[in-house]
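The block underneath contains the structure these notes are about, expressed in structure tokens.
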Amino acid sequence: MKSHQWGQLFDANIETYRGARPKRAEYVLDFIRSSGCDVHSILEMGAFSGKDIRYLAKRLKESLCCSLDREQAVFDRAARDATSCVVADAFRMPFCDKAFGITFHSGLIVVFDDRQSRAIIEEQLRVTSGYAIVFAHNRWNFIDIMVSAIRRARGNSLFRYRRFSKGLLRQLVPAHVDIVRIDYVDNMLVNVTRRRAPWLLKPVSRIAGLMDMLLCNEVVVIVRAS
Ligand SMILES: C[S@@+](CC[C@H](N)C(=O)[O-])C[C@H]1O[C@@H](n2cnc3c(N)ncnc32)[C@H](O)[C@@H]1O
């Protein structure tokens, strides 16, 4: 895939990211709370705006929260204040084995091919002692595919990425590790209802949930590292 100019993309999109809901962090926090796993330290790889790791840093005050990105230019001041920032390559991270209780990334493997995505997940698992979480764009959400195509056509290369199904994500995880959960997440109909008609959230969520595969923006896999 043609490479992205992350520094420029950061300058052009950071305001949107700052205002966005930290959806991945909310999902990660729900998982942490429901599984009771150890969160002495959390790493977000390819953190970009850092909005998700910052949300976690605010809520998990006892945890060491670390944001890693290959580009120094994408570290927002807010991320520098709230987390330990590391400039490094996700393919070869400067951490010892099992350094972090939880590791996650979103929008990272979507700019790499299968072989590279597998290598990133293997490196992620090396530095994880508890759970490794991978978010990627859903290949079955045709509405989102169309919207992204329009944004790409208007010149925003942030929307130049590949998409994943549950099956493909499963294939990228090494065979010897346990998949504890694989879900379609971030249902767009639920999101709109939450913003526009919150009083309808309960019934709409029930109906929209039946169409998660077509309506969710992302697919996520959670893997037990040890
Ligand atoms: C789409 S952005 C991630 C967005 C982020 N999840 C957010 O919500 O703000 C992808 C990020 O991955 C970073 N990246 C790309 N290749 C990388 C690599 N090999 N190692 C570390 N970071 C990398 C880019 O610099 C960019 O900041």
Practice task
List the residues whose amide H sits under 5 Å from the amide H of residue 181, counting only those 5 or more places along or on another chain, with H placed 1.01 Å from N in the peptide plane.
Solution key: 222
Handout entry: Accessible area in square angstrom per residue, the stretch 129-226, 1.4 angstrom probe
Key = 55 Å²
Problem - Estimated vicinal HN-Hα couplings, Hz - the stretch 119-130 in sequence order (Karplus 6.51, -1.76, 1.60; Gly, Pro = x) - result: 5, 5, 5, 5, 5, 4, 5, 4, 8, 9, 9, x
Exercise for the section: Heavy atoms only, probe 1.4 Å: what % of the accessible area of the stretch 6-101 goes to carbon and sulfur, would you let me know? Expected result: 47 percent
Fill in the blank from the handout: Classified through the alpha carbon gyration tensor (a ≥ b ≥ c as square roots of its eigenvalues; rounded if a/c is under 1.5, else prolate when a/b is larger than b/c, else oblate), the stretch 139-188 comes out prolate
Handout entry: ³J(HN,Hα) computed for each position of the stretch 197-206 - Karplus, 6.51 cos²θ - 1.76 cosθ + 1.60, integer Hz, glycine/proline x
Key = 9, x, 5, 9, 4, 4, x, 5, 4, 5
Handout entry: Electrostatic dipole magnitude of the stretch 56-194 [Cβ: Lys, Arg +1; Asp, Glu -1; Cα centre; debye, to 20]
Key = 420 debye
Fill in the blank from the handout: the chain, convex hull of Cα, quarter of hull surface, nm² -> 12.2 nm²
Exercise for the section: Roll a 1.4 Å probe over the protein heavy atoms and report the accessible area of residue 100 in Å², nearest 10. Expected result: 10 Å²
Handout entry: Global geometry of the stretch 118-226, whether rounded, prolate or oblate, following the gyration tensor of its Cα atoms and the 1.5 cut on a/c
Key = oblate
Problem - Considering only the chain, percent of DSSP beta bridges that pair antiparallel, nearest 5 - result: 45 percent
Exercise for the section: Could you run the Karplus curve 6.51 cos²θ - 1.76 cosθ + 1.60 with θ = phi - 60° over the stretch 179-186 and give me ³J(HN,Hα) per residue in whole Hz, x for Gly and Pro? Expected result: 8, 8, 7, 9, 9, 8, 9, 6
Handout entry: residue 47 long-range amide H proximity, modeled H, under 5 Å
Key = 68, 69
Completion exercise
Checked the stretch 33-143 against the a/c 1.5 cut and the a/b vs b/c comparison, axes a ≥ b ≥ c from its Cα gyration tensor; verdict rounded
Practice task
Collect residues whose amide H, placed 1.01 Å from N in the peptide plane, falls under 5 Å from the amide H of residue 138; neighbours closer than 5 in sequence don't count.
Solution key: 164, 218, 219
Fill in the blank from the handout: By the mean-Cβ-within-10 Å protection proxy, highest first, 161-168, 127-134 rank as 127-134, 161-168
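The values are calculated or read from the model by the stated rules, or taken from the named source; none is laboratory data. Keep in mind the model is a prediction, meaning the values are calculated, not measured. Note: ideal-geometry Cβ built from the backbone for every residue, glycine included; neighbour counts use all protein chains shown. Surface accessibility is based on the protein's heavy atoms, side chains included, excluding ligands, DNA and RNA. Shrake-Rupley method; radii C 1.70, N 1.55, O 1.52, S 1.80 Å.
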